[in-house]
Amino acid sequence: GLVLVLVLVLLGSGVYKVGPGEIGVVRTFGRESGKMGPGLRFRIPLIQRVDVVNVETIRRLEVGFRDKQQILDEAQMITGDANIVEVQMIVQYRVIDPTKYLFRLRDPDETLRASAEVALRGVVGRTGIDDVITTGREKVQDETRDWLQQLVDSYESGIRVTEVKLQSVDA
């Protein structure tokens, strides 16, 4: 009787749910063995593991305004005409390849944060202060988005940058 109860509990622990807009990446003995769409699914306990990734949600990343110390560290940068500006930015992105998102990078969200900062600093560093603050904001946003997408593509991160928006730009 005890063995039967133990077997039922073990089998019951193998049931999992993949919600709408999610993909379940199944790993058998640590190696990817398949992807599952939405629905109630079963995995073999102790042998298979499932990582569920939402591929439809637009995620958000803030650069330059999470707390006071990080504002000083990541928001201040030098423009192409040697002025100092404080730039705050929001990056919107979504996961397009759950396998790459899970297994190519140790921490894909932190890698995206660092890459966004690099892309923004690169674009601001070759743009004049007037363009960054007023007339060229759209161009700075577009160039930053394109550069950031190139970076995350080169890392094979499985991330698609959907939008980059400058929030506050102050001299």
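The values are calculated or read from the model by the stated rules, or taken from the named source; none is laboratory data. A quick note: this is a predicted structure, and the numbers were derived from the prediction, not measured. A quick note on method: Cβ atoms are made from the backbone with ideal geometry, for glycine too, and the neighbour counts reach across all protein chains shown. Accessible surface is based on the protein model in full, side chains and every heavy atom, while ligands, DNA and RNA are left aside. Shrake-Rupley method; radii C 1.70, N 1.55, O 1.52, S 1.80 Å.
General observations
- Where a residue in the range 75-87 is assigned to a loop (DSSP other than H, G, I, E, B) and its partner, wherever it lies, is open to solvent by 50 Å² or more (accessible area, probe 1.4 Å) and not hydroxyl-bearing (Ser, Thr, Tyr), with Cβ under 7 Å and at least six apart: 80/126; 83/171
- Among the residues of the range 56-84, those that are at pLDDT below 95 and of a type in the set (A, V, I, L, M) comprise 61, 63, 71, 72, 75, 77, 78, 82, 84.
- Residues in the range 118-154 that are closer than 20 Å to residue 105 by Cβ and open to solvent by 20 Å² or more (accessible area, probe 1.4 Å) were compared, and the one that is modelled with the lowest pLDDT is 118.
- First in the range 151-163 and farther than 12 Å from residue 103 by Cα, second anywhere and part of a loop (DSSP other than H, G, I, E, B) and among the hydrophobic types (A, V, I, L, M, F, W, C), Cβ under 8 Å, 6 or more apart: 159/96; 160/96; 162/58
- For the range 100-113, the candidate set comprises residues that are open to solvent by 50 Å² or more (accessible area, probe 1.4 Å) and assigned to a helix (DSSP H, G or I); within that set, the residue that is nearest to residue 31 (Cα to Cα) is 103.
- Of all residues in the range 18-69, those satisfying the criterion of being touching a helix residue (DSSP H, G or I) at 6+ places or on another chain (Cβ under 7 Å), of a type in the set (A, V, I, L, M) and free of Cβ contacts under 8 Å to residues at least 60 places away in the same chain are 53, 55, 61, 63.
- Residue match in the range 12-27 (condition: aromatic (Phe, Trp, Tyr), assigned to a loop (DSSP other than H, G, I, E, B) and either surrounded by 10 or more Cβ atoms within 10 Å (Cβ to Cβ) or out of contact with any Gly (no Cβ under 7 Å at 6 or more places or on another chain) (or both)): no
- Residue 169 meets each of the listed conditions (1) surrounded by 14 or more Cβ atoms within 10 Å (Cβ to Cβ); (2) free of Cβ contacts under 8 Å to residues at least 40 places away in the same chain apart from (2).
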